[in-house]
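> Supplied in structure tokens, the structure appears directly below.
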Amino acid sequence: MKKFTKMWAIAACALFAGTAAVNAEDYTWKFVTAGDATTYAIRSDGSLWSWGWNEKGQGGNGVSERTATPTLADGNRVWKKAVGGKAYGFFLAEDGSLWAAGTHEGGVQGTNDGIDHKVLTRIGTDNDWADMACSRFWGYSGFAIKTNGTLWAWGKNSAGQLGIGNTQAQTAPVQVGADMDWKQVAAGCSSVLALKTDGSLWGWGFNMYSELFGHEGKQLSPVRLGSETDWEQVVVIDFRAYAVKKDGTLWAWGDNANNLLGFNTPTEEETTAEGNPVEVVTVPQITAPTHVTFIEGKVLTISGCENTLSVATGTDGVIEKVWMLGSNTDGALGDGKGLGNGNKDIPFAKVPVHPSLKSSLKFAGMSSGQNYTVMLTTDGDIWGWGCNRGGQLGDETPNDQLQVAYKLKPIVINCPQDEVSSVGSLKDGKVDAAVSFDGQVLALQSDGLLTSGRIYDMNGTAVMILAASETSWNVATLSQGVYVAEFMIDGAPVTYKFAVK
């Protein structure tokens with residue numbers, strides 16, 4: 001066997017020191033959310049993982065290939081929350097910093113640099129962010145609330161959806177008005193709803209389907225919606241609005257063309273211009289919040305996409321039952337009766353159905369993307385069902401099989417047990433390895449087993465994840481500067497300092 005030149009690891013442990021490692025068998029999930037077709041999850045050690053579609057780098061793991069395998073996006077911080085839109089995501093760390101990855105369309109990255117990001121990139125320098133939201137799903141606008149109750153917005157603004165009094169796109173966060181009592185914000189395609197701490201409901205944006213009930217036309221700044229002060233939660237999906245009152249009841253309004261508001265509105269047959277018969281909803285628009293009565297129990301979570309609605313009910317914050325409406329394309333409803341996309345006569349539920357979840361399972365969270373849903377149990381497992389054509393179910397389906405992949409019933413998503421949050425000790429102070437850099441490509445030669453690779457900037461921030469299945473990586477997308485690459489080989493770190501010019 002060829003013997004490569006031995007390279008001593010440089011002493012940079014202080015730069016890369018992380019939190020204490022958890023025993024591998026103890027790793028569980030503590031958070032999960034669905035973007036358009038990309039799933040983000042936070043592990044019990046605070047590390048951030050992603051899987052699914054990644055064509056714009058929205059997975060934040062340094063590449064742009066889809067994968068059905070949970071992949072580390074960042075293990076250098078303790079993460080609190082993630083939200084995903086169409087080919088982009090936002091990420092909130094426990095230290096109050098805000099990050100983005102994916103497409104920069106419309107300025108949605110908020111990073112003010114006009115480029116896509118395949119690795120997590122910080123939005124500004126503030127450390128007082130408390131929550132964030134983004135368009136679900138056909139929009140490119142971002143929103144965040146600070147710890148002082150101020151509301152900020154950025155991205156596309158052609159319909160006034162940023163609420164800043166004009167229709168100019170913003171590539172970095174700008175404050176919405178001067179109020180300091182914002183509690184929650186939710187964005188659809190081009191209309192935005194938000195709650196204040198007093199339980200009042202506000203809105204702004206396009207208002208195509210009376211999402212901003214009581215107001216006519218586009219609103220460029222926040223306007224009060226109704227006079228009630230008992231709103232607890234609000235969600236906007238495309239042009240449909242849902243809200244939960246403090247008593248746990250669900251209310252809905254807006255676009256009802258596909259019967260996804262939950263009212264099972266009657267339909268009548270009409271004929272298209274081509275002479276084909278179609279069923280058309282008799283009441284295609286609901287112009288004010290209306291009680292959705294099909295739900296039994298207190299509503300805890302609402303999610304969905306353009307073709308589905310998912311509602312979770314339970315007590316004391318624990319989800320006990322899930323209600324699904326809409327198209328069962330690719331098994332989106334999880335009841336085992338769906339059909340793959342492209343089939344004829346795909347079932348459509350106007351009356352709620354329930355996914356085939358074990359009655360013994362108790363859930364802490366639920367989130368739906370385009371025709372798929374993921375749920376987090378109270379003991380740290382993730383279950384998912386529906387479309388898997390991008391790998392968004394994280395079941396490790398090989399890439400060459402994803403084109404027709406979907407699950408009609410819920411499956412469990414494994415939690416990786418690799419330790420990523422601490423630096424190991426060198427074996428005998430050295431490992432067999434050779435690293436080279438030609439100005440664009442970083443290359444590694446070693447007789448040992450490479451288990452992970454990351455690139456850090458001089459602040460100790462991980463800026464790129466290197467696929468462990470490769471031996472060379474194109475790093476030309478990195479900004480000009482000095483970096484350190486860290487490779488874990490046979491359980492020991494090898495570091496290599498290089499400069500991008």
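> With a ≥ b ≥ c the root eigenvalues of the C-alpha gyration tensor of the range 263-337, is it rounded (a/c under 1.5), prolate (a/b larger than b/c) or oblate?
Details: a/c = 3.21, a/b = 1.74, b/c = 1.85.
Oblate shape, in that a/c is at least 1.5 and b/c is the bigger or equal ratio.
> Could you give the length gained on full extension between residue 174 and residue 401, defined as 0.36 nm per residue of separation minus the Cα-Cα distance, in nm?
Working: separation 227, 0.36 × 227 = 81.72 nm, distance 4.34 nm.
Taking 0.36 nm per residue and subtracting the Cα distance, the gain is 77.4 nm.
> Pairs on different chains or at least eight residues apart, Cα atoms closer than 20 Å: how many lysine pairs in the range 82-236 fit? Spell out each step's value before the answer.
On the way: 86/118; 86/156; 146/183; 146/196; 156/218; 183/196.
Taking the range 82-236 as the scope, the lysine pair count is 6.
> Right, another one. Please compute, over every Cα-Cα pair in the range 264-397, the percentage with a separation greater than 27 angstrom. If you can, show how the numbers build up before the last one.
Details: 2309 of 8911 pairs.
Every Cα pair in the range 264-397 considered, those over 27 Å come to 26 percent.
> Are any of the pairs 30/321; 298/337; 30/358; 362/407 more than 23 Å apart by Cα-Cα distance, and if so, which?
Beyond 23 Å between Cα atoms: 298/337.
> Next up: Work the Kirkwood hydrodynamic radius out for the chain: mean of 1/r over every pair of different alpha-carbon atoms, inverted, in Å.
Values: mean 1/r = 0.0421 Å⁻¹.
Final number for the Kirkwood radius of the chain is 23.8 Å.
> May I ask you to derive the relative contact order of the chain, considering only C-alpha pairs under 8 Å and at least 6 residues apart, and to give it as an integer percent? Show your work: numbers first, answer last.
Details: 1517 pairs, mean separation 68.4, N = 501.
RCO, the chain: 14 percent.
> Cα to Cα, under 19 Å, and not fewer than 8 places away if on the same chain: which aspartates and glutamates meet these conditions relative to residue 501?
By straight Cα distance, residue 501 reaches 113, 438, 457.
> For all pairs of alpha-carbon atoms in the range 196-265, what percent lies in each bin of width 10 Å, listed from the first bin to the last filled one?
The distribution over the range 196-265 is 20, 52, 27, 1, given as percents.
Quick note: the coordinates plus some simple rules give every number you see, no bench work behind them. Everything quoted here is computed from the prediction, not taken from an experiment.
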